[in-house]
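One structure is given here, and the rest of the page talks about it.
Derivation of every value follows stated rules applied to the coordinates shown; laboratory data play no part. Since the structure is predicted, the reported quantities are computational estimates derived from the model, not experimental observations. A quick note on method: Cβ atoms are made from the backbone with ideal geometry, for glycine too, and the neighbour counts reach across all protein chains shown.
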Amino acid sequence: MPTFEACMNFLEAKQVSKSYGSQQVVAPTSFNLHNGCRLAIAGETGSGKSSLLKMIAGHVQPDGGEIIFNGERILGPNDQLLPGHKGIAYLSQHFELRNNYIVADLLDYGSELNAEEQLQLYRLCEIDHLLQRKTNSGLSGGERQRIALAKILTTQPKLLLLDEPFSNLDTLHKQSMRRIVANLQATLNIGIIMISHDTTDMLSWADEIWIMQHGMVIQQGSAREIYHHPVSNYAAGLFGVFNEIPVAQIQSWFPYFSNVVTQHMHISRPEQWQISLEPAPHLLQAQIETIAFEGPTLLLGIHVQGHRLFCRTMQQAVMVGQTIYVQLQHR
């Protein structure tokens, strides 16, 4: 558990904002993060998450406010010749490697690690078998990304910023990158802030998730809270299929929701709907309209008393047009 001082002094933003022309891309935003944080920021393209990350990195100049890292104000490009902060490593989705370098030589240049620490890092980044390769010798995109990640970590940063780390990766390299990010945080005890369009990666990794829309953080909380209790259909849609039904309808179907639901519209996930092939007094009759195979589960599009809903089930013995019976679980 971080100390009070660490929580106060690791990373703090005070009303930081950014505009391009007349368009405000990050509204005045304040936050305080502790050492060792695992924060994921989600949002549609243009929501402001990349601009916020680049201001934290020192690569974009804020128009207002300031960001404090370990007690020091992060300087932007207008404040210093070379952008960035020594204690913060930033991996852009548009990273570049110098051509025609032996990987080991590239990594060794400017490194602050001893030989043992270097080897540990290369193993963590799963590149120890690539050290004698050349950077222009047919390395895959995933291999190049892991080398670039190891390179920025050789300066022993305390905070790692990842901009879309899973984009443009095939399934195997995406799995490797997920594993590496988790191991880095646990082994090196550094804070990590990640933005990603692939929000499913956030749920299993992040301690805290922020959702941005129109330059503002509209919701923040744990992965479970963000997934099961989104503040809007925008927030819900970022994390997959959802149902949105008037509260009055939910309460008429299921009276046990009368003291639970307070919003005008009730949002639920497909897996919150239980299905049965046999009728029962507490179940609603439904008709299956669509079936989408998801591997171990099926995503059913069903029709219930004038409402089209989605439910997810492991019951494979169903077909389009079949009558089933459903109920909504409350959490």
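Springs join every pair of Cα atoms under 10 Å in this Gaussian network model of the chain, and among G36, G21, G221 the largest mean-square fluctuation is at G21.
Using the empirical formula 2.2 N^0.38 Å as the baseline, the Cα radius of gyration of region 135-220 reaches a ratio of 1.17. On the beta carbon distance between M216 and V247, with R0 = 30 Å, the FRET formula returns roughly 0.75.
Across I288, I190, I180, mean-square fluctuation computed from a Gaussian network of the chain (C-alpha pairs under 10 Å connected) peaks at I288.
For the pair E112 and Q287 in one chain, pulling the backbone fully straight at 0.36 nm per residue adds 56.6 nm over the alpha carbon distance.
For V247, V60, what ranking results if the residue with the fewest other Cβ atoms within 10 Å of its Cβ goes first? By the 10 Å Cβ count, ascending, the order reads V247, V60. The fewest-to-most ranking of E164, E116 by surrounding Cβ atoms within 10 Å reads E116, E164.
Each principal axis of the Cα cloud of region 48-142 was evaluated for its coordinate range; sorted largest first, these ranges are 46, 28, 23 Å. Listed cross-link partners K151/K174; K49/K174; K49/K158; K49/K134 are compared with a 29 Å cut-off, the Cα-Cα value being larger for K49/K134. Projecting the Cα atoms of H214, T155, I267 onto the charge dipole of the chain (Cβ charges, centred on the Cα centre) puts I267 farthest toward the positive pole. Its DSSP H runs of at least 4 residues, each contributing -39,500 (n - 2.57), put the calculated 222 nm mean residue ellipticity of the chain at -7000 deg cm²/dmol, to the nearest 500. From the alpha carbon centroid of region 130-185 to that of region 253-331 is 41 Å. Mean projection of the alpha-carbon convex hull of region 138-278 over all orientations, in nm²? Computed as one quarter of the Cα hull surface, the answer is 12.4 nm². For the pair H307 and L172 in one chain, pulling the backbone fully straight at 0.36 nm per residue adds 44.7 nm over the alpha carbon distance. Taking the Cα centre of the chain as origin and assigning +1 to Lys and Arg Cβ atoms and -1 to Asp and Glu Cβ atoms, the resulting dipole is close to 180 debye. FRET efficiency for the pair D128 and M265, taken as 1/(1 + (r/R0)^6) with r the Cβ-Cβ distance and R0 = 56 Å, rounds to 0.60. The order of L39, L11, going from fewest to most other C-beta atoms within 10 Å of their C-beta, is L39, L11. Could you point to the residue in G240, G64, M202 farthest towards the positive end of the chain's charge dipole, with +1 and -1 charges on the Cβ of Lys/Arg and Asp/Glu respectively? Highest projection toward the positive end goes to G240. For region 241-328, taking Cα atoms only, Rg and Dmax work out to 12.7, 36 Å respectively.
Considering only Y227, Y101, L121, the residue lying farthest towards the positive end of the dipole of the chain is Y227, judged by Cα position with unit charges set on Cβ.
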